[in-house]
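Report on one structure; see the data block that follows.
The values are calculated or read from the model by the stated rules, or taken from the named source; none is laboratory data. Quick caveat: nothing in here was measured; it's all calculated off a predicted structure. All Cβ positions, glycine included, derive from the backbone under ideal geometry; neighbour counts span all protein chains shown. Keep in mind that these areas ignore ligands, DNA and RNA; they rest on the heavy atoms of the full protein, side chains included. Shrake-Rupley method; radii C 1.70, N 1.55, O 1.52, S 1.80 Å.
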Amino acid sequence: MIAVIDYGVGNLFSLSSSLAYLGLENKITRSARELDEASHIILPGVGAFGDAMEKLASTGLVPELERQAENGKPLLGICLGMQLLFEKSYEYGEHAGLGLLPGSVCPLEPDLAAAGFSYKVPHIGWNSLHLVRPENPLMANTREGDFVYFVHSFYAKGCGDALVAGAEYGVTVPGAVARGNVYGCQFHPEKSGEAGLRILRAFAAL
């Protein structure tokens, strides 16, 4: 069973529906016991980093989530959920993250301007993936150039060898990251058609 964490900051229905479409048993939950019983955990999220961390902390699930990650259970963060896995964010101030992945979450717009690009922010729409570590099991069903759907104004920097796949949007946006059993997708696999379903299927197979 895949546990999908409900902490009030995500459209959980589309994710749960995508998992069910793949025949994957899943449960939307905020129960520590159900996280422990699950084979896999997904941390979704939309919105602002600081608010999301406060809401996640208010569920009391942070210690259990960290324990499950440390014990080797596959954990996937999606969009803002991926950003929460990093050490900190500079979205409307500085906020500590879960620290399960190295790096910081930074605003996209000033880096685009510094690179001479006037692309729209938020970055919304389809973009192709460049596979940096195609051997990573999260990418088992993904092909070079697969298109996935992004919606974000902030992005991860300094993630080093955790970078699995990137997308070009004036700067390189980490699209997928991984370290050990901790994984993240900046894009929404549940909104990315067949390419996204293949990534969810690969995660479930871990």
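Net charge in the neighbourhood of CYS106 (other residues with Cβ under 9 Å of its Cβ; Lys, Arg +1, Asp, Glu -1) is -1. Across the accessible surface of the stretch 2-204, with the other protein chains kept in place and a 1.4 Å probe, carbon and sulfur atoms take up 52 percent. When the charge dipole of the chain is built from unit charges on Cβ atoms (+1 for Lys and Arg, -1 for Asp and Glu) and taken about the Cα centre, the candidate among LEU24, VAL4, HIS95 whose Cα reaches farthest toward its positive end is LEU24. Shown here for the stretch 25-110: GluC sites (Glu not before Pro) in loop regions (DSSP other than H, G, I, E, B) with at most 13 other Cβ atoms within 10 Å, namely GLU25, GLU94. Accessible surface calculations at 1.4 Å, restricted to protein heavy atoms, place the stretch 74-128 at 44 Å² per residue. Dipole of the chain computed with +1 at Lys/Arg Cβ and -1 at Asp/Glu Cβ about the Cα centre; of THR59, VAL148, PHE86, farthest Cα towards the positive end is VAL148.
Around the Cα centre of the chain, unit charges on the Cβ atoms of Lys, Arg, Asp and Glu (plus for the first two, minus for the last two) sum to a dipole of about 240 debye. Computed as a quarter of the hull surface, the mean projected area of the alpha carbon convex hull for the chain stands at 10.0 nm².
DSSP beta bridges fully contained in the stretch 2-204 are about 60 percent antiparallel. The residues neighbouring ALA3, those whose beta-carbon lies less than 13 Å from its own, together hold a net charge of -2 under the Lys/Arg +1, Asp/Glu -1 convention. Only helices reaching 15 angstrom along their own axis (Cα) with mean Kyte-Doolittle hydropathy no lower than -1.0 count here, and for the DSSP H runs of the chain these are 193-204. Out of every Cα-Cα pair that the stretch 93-149 contains, those further apart than 19 angstrom amount to 57 percent.
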